[in-house]
Amino acid sequence: MKYDVIIVGGSYAGMAAALQLIRARRSVLVIDAGLRRNRSASHSHGFLGQDGADPAEIAATARAQLHAYPTLTWIDETAQAVAGVKDAFVVTTADGRRHEGRRLLFAVGVTDTLPEIEGMTERWGKSIFHCPYCHGYELSQGTIGVIAAGPMSIHQAQLIPEWGAVTFLTNAAVALDADSRADLTARGVTTEATPIARIEGHADVVLVDGRTLSFAGLFTVSRNAPATPIAGLLGCELEETPFGSQIRTDATKETTAPGAFACGDAARVPHSVSLAVADGAWAGAQLHRSLVF
């Protein structure tokens, strides 16, 4: 069978795109490896109508609703290879099966590369975050630490005082000039230059001089890249952002490979569930139009 659209990635953006297409009675294959970016988070905030919901439940409900449409096919697998051209794409999954489609959509999400600090990875999405709009309110205006990871961290430290008293832990990752330092001071931000040894407890930062700074929560800027390089196998170009790299798309979400589209965190910044859903819905509509016109 040749599908109208093969979607690689079945998280929020991929499902939002699929919904537009199956409601237009188009045949859609979703290939999903089951690795949502926010799988470590227990609550999702800032998504209208779902504020505070478990992100796993949001995803499960969406998937169940998609399965009510007869033109959807869903495979829990990993897409390993892609080849072909517009109207004649082939995606090969890890089980060796080949799937044909007229259009492709890469909704593969991104990986987060965090600063190499002991204790950070296991707290990511629990007490260490990247988005204050998603997690800042729940810190109840408590003390917040911002751990520097690069130049964008200065902007993060400038913004986050809206949610609590901020200490900017530069950790030898950024050098503050006089203007930046004065700006942070004017915003009430405390700067801590002593390097970090590790993170313990809920959000306790142990410095190399033995001091421990305890926070209600921590923020840092992760470095992003598409979660799989599969789009590159088709020749899709990447572009740099302040947060890493993403798949280059035009206004219709089409990549540099004709007939192949991309959406969600892998193809836009900034990132959140609500923005991923919106981007996926737009991509789905544009994919449908590409099949019609």
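Where a number appears in this text, it was derived from the coordinates with a stated rule and is not lab data. Since this is a predicted model, take the numbers as computed values, not measurements. Because the Cβ atoms are built from the backbone with ideal geometry, glycine has one as well, and the counts that use them run over all protein chains shown.
Quick look at the values:
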| read-out | value |
| --- | --- |
| Segment residue 83-residue 212, length gained on full extension (0.36 nm per residue, minus Cα span) | 41.2 nm |
| Rg to Rh quotient for the chain, alpha carbon positions, Kirkwood Rh | 1.03 |
| Efficiency of FRET from Cβ geometry, residue 237 and residue 1, R₀ 41 Å, rounded to 0.05 | 0.85 |
| Cα pair distances of the range 115-220 binned at 5 Å [whole percent] | 2, 14, 27, 27, 20, 9, 1 |
| Simple label model, 7 Å out from Cα along Cβ direction - residue 159 to residue 181, nm | 2.5 nm |
| Label-to-label distance, nm, for residues given as residue 251 and residue 65 (7 Å Cα→Cβ offset) | 2.9 nm |
| Near-label residues of the range 126-170 by backbone N, under 14 Å of a point 7 Å along Cα→Cβ of residue 190 | 142-146, 164-170 |
| Whole-Å distance, taken between Cα centres, linking the range 268-293 and the range 32-83 | 15 Å |
| Net +/- balance of residues flanking residue 253 in space, Cβ distance below 15 Å, scoring K and R +1, D and E -1 | -1 |
| FRET E, pair residue 54, residue 118, Förster distance 25 Å, beta-carbon r, rounded to 0.05 | 0.30 |
| Normalised contact order of the range 13-144, rounded percent, pairs of Cα under 8 Å and 6 or more residues apart | 24 percent |
| Alpha-carbon Rg with Dmax, taken over the range 119-176, Å | 11.1, 30 |
| Residue 137-residue 198 FRET efficiency (beta carbon distance; Förster radius 35 Å; 0.05 resolution) | 0.80 |
| Charge context of residue 175, other residues only, Cβ under 15 angstrom, K/R +1, D/E -1 | -3 |
| Relative contact order %, the range 115-220, counting alpha carbon pairs below 8 Å whose residues are six or more apart | 35 percent |
| Beta bridges by DSSP in the range 115-220, antiparallel share as percent, to the nearest 5 | 30 percent |
| DSSP beta bridge pairing in the chain, given as percent antiparallel to the nearest 5 | 45 percent |
| Peptides ranked, highest mean first, by Cβ atoms within 10 Å: ranges 278-284, 162-168, 114-120 | 278-284, 162-168, 114-120 |
| Burial ranking of peptide ranges 242-249, 194-201, 7-14 (average Cβ count within 10 Å, highest at the top) | 7-14, 242-249, 194-201 |
| The chain: calculated mean residue ellipticity at 222 nm from DSSP helix runs of at least 4, using -39500 (n - 2.57) | -7000 deg cm²/dmol |
| Among 42-48, 22-28, the order from most to least packed when residues are scored by Cβ within 10 Å on average | 22-28, 42-48 |
| Percentage relative contact order, the chain, counting C-alpha pairs under 8 Å, at least six apart | 22 percent |
